[in-house]
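Quick notes on the structure that follows.
The values are calculated or read from the model by the stated rules, or taken from the named source; none is laboratory data. Quantities reported herein were computed from a predicted structural model and do not represent experimental measurements. Cβ placement follows ideal geometry from the backbone for every residue including glycine, while neighbour counts extend to all protein chains displayed.
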Amino acid sequence: MEWRRKKALRIADQISPEQLDMLLDRLDFEGICTDRTYSSRRGHPRRSYRALGIAVQLSDEQTDITLIAATRNLSDGGLSFVGGQVLEPGTACTVRLLDLEGQPRQIDATVVYCRQIDKVYEVGLQFAQAMCPGEFVPSR
C-alpha cells in the first residue's frame, strides 16, 4: 500500500502536545473509574500505548486521506487513538504502527466508535485479525 502524505490530517494541527498529554491522562483516568464501577465487558485487556504520529489510511472510492494520530491504548483486538477527524463506525482503514524493533507493520481495521472530546475525536478500531500487543508495547 502506498502511504500518501499530501492529504494528511495531523493531530498536531488540532491540539498542542501538552493538551494531548492532559487529554490522554484524563481519558485513562476515566477508563479506570468506569472499569472499576461497572464490570468490564471487554474481550481483550488493554495496554497503555502512547505513540504520537501513527498513520491511519482511509481509502475507498470517495476518500483518500491519511490521519496522523496519537494512540491511547492497544489490545489483541484493537486500538484507541485520538485524531482530528470524525470517522463513521464501519469505516475500513489500515493502521501503520512501529513494532519494538522499529519496523513498520500495517494492520487492517474497522472503526467501531468515534466520539468528540473537546476539539478532537477519540476513535476505537477493531483489528481484522488479532495481534500480539507485546510486539508493540514492552512487557510490564
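Any chance region 7-20 includes a residue that's modelled with pLDDT under 70, farther than 19 Å from residue 138 by Cβ and assigned to a loop (DSSP other than H, G, I, E, B)?
Looking for residues that are modelled with pLDDT under 70, farther than 19 Å from residue 138 by Cβ and assigned to a loop (DSSP other than H, G, I, E, B), one finds at least one in region 7-20, hence yes.
Only one of these conditions is not met by residue 24: (1) modelled with pLDDT of 70 or more; (2) out of contact with any strand residue (DSSP E or B) (no Cβ under 8 Å at 6 or more places or on another chain). Which number is it?
Every condition holds for residue 24 apart from (2).
Of everything in region 100-140, what is modelled with pLDDT of 90 or more, among the acidic types (Asp, Glu) and either part of a loop (DSSP other than H, G, I, E, B) or under 13 Å from the mean Cα position of the chain (by Cα) (or both)? Give them in sequence order.
Correct list: 101, 108, 122.
Residue by residue through region 118-139, note down the ones that are farther than 18 Å from residue 103 by Cβ and either touching a Gly at 6+ places or on another chain (Cβ under 8 Å) or in contact (Cβ under 8 Å) with a residue 60 or more places away in the chain (or both).
118, 119, 120, 121, 122, 123, 124, 125, 126, 130
Among the residues of region 28-58, which ones are modelled with pLDDT of 80 or more, among the hydrophobic types (A, V, I, L, M, F, W, C) and either farther than 13 Å from residue 81 by Cα or part of a helix (DSSP H, G or I) (or both)?
58
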